[in-house]
Amino acid sequence: MAGRMVVGSAALAELVRPASAPDPAGGHRVLPVRPELTGLLPNRGLRRGSTIAVGAGQPRRSGATSLILALLAEASRAGSWCAVVGVPTFGAGAAAEAGIALDRLALVPNPGPEWPTVVAALIDGVDVVVTAVPTTVSASVATRLAARARQRGSVLVPYGRWDGADVTLQVVRGVWEGLGPGRGRLRRREVTVSARGRGAAARPKEIKVWLPGDELTRVIPRSTGAGAVRAAAPRRLRVVAPAAVRPLTVVGSA
């Protein structure tokens, strides 16, 4: 379909739930991530029902967006639906280059004051929900959303400070590569990613990876020996417009 008008977050949930129901990854309790990132996660992947926070870092353009892309790529490639809420700078081109299937990607760039309702509706019907964390979010709202993700079997990925996450990932250092003496282009960044959490993730960990690198994130200095993986070809993008109290426009094919 060329377009569809949906009113309210409940209708949004009804739209995405049938789309994600046939997901071939739906029967697996752990969604895959790139091999280089498995050591950061206690289940070596994105466990359904968990909350995996990504720290925004200082400055905010610290490589966190590249880390989010790397986290989503394998799950999306395996058939999972993903959503990104409240990140208007999230680029479809970069997502496609990372291997994310655009026809299974929902974007809500500006959810407005109904942010909790929009996120809750997406949790009901999408496998992985990434959301920027508003500065005004209360602890009680955060707790309810995490509990909803546990109940629905979705993976909640807050982008920003989120107390009580199962695991918090953050890019703590980064060095760009590609510039020569007075010339060149920035091509990739060597970053150090830290992981801390609770339970099985209580022991802090750090790894170094390229983000992006040779179309595949690589651990530094250890090489996995995996061949380069071609990014998925860009396809039509599903975009969900803001706030649940106003009509939500969906563009693309179901």
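Tabulated data
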item	result
All positions within segment 147-164 that are open to solvent by 10 Å² or more (accessible area, probe 1.4 Å) and of a type in the set (A, V, I, L, M)	147
Answer residue from segment 68-85, given it is more than 21 Å from residue 38 (Cβ to Cβ) and free of Cβ contacts under 8 Å to residues at least 60 places away in the same chain and is surrounded by the most Cβ atoms within 10 Å (Cβ to Cβ) among those	84
Check on residue 56, within 28 Å of residue 192 (Cβ to Cβ), at pLDDT 95 or above and open to solvent by 10 Å² or more (accessible area, probe 1.4 Å)	no
Filter result for residue 93 (part of a helix (DSSP H, G or I) and either out of contact with any helix residue (DSSP H, G or I) (no Cβ under 7 Å at 6 or more places or on another chain) or of a type in the set (Val, Ile, Thr) (or both))	yes
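The values are calculated or read from the model by the stated rules, or taken from the named source; none is laboratory data. Keep in mind that this is a model prediction, so the values were computed, not measured. Glycine gets a Cβ as well: all are built from the backbone with ideal geometry, and neighbour counts include every protein chain shown. Surface areas here come from the heavy atoms of the whole protein model, side chains and all, with no ligands, DNA or RNA. Shrake-Rupley method; radii C 1.70, N 1.55, O 1.52, S 1.80 Å.
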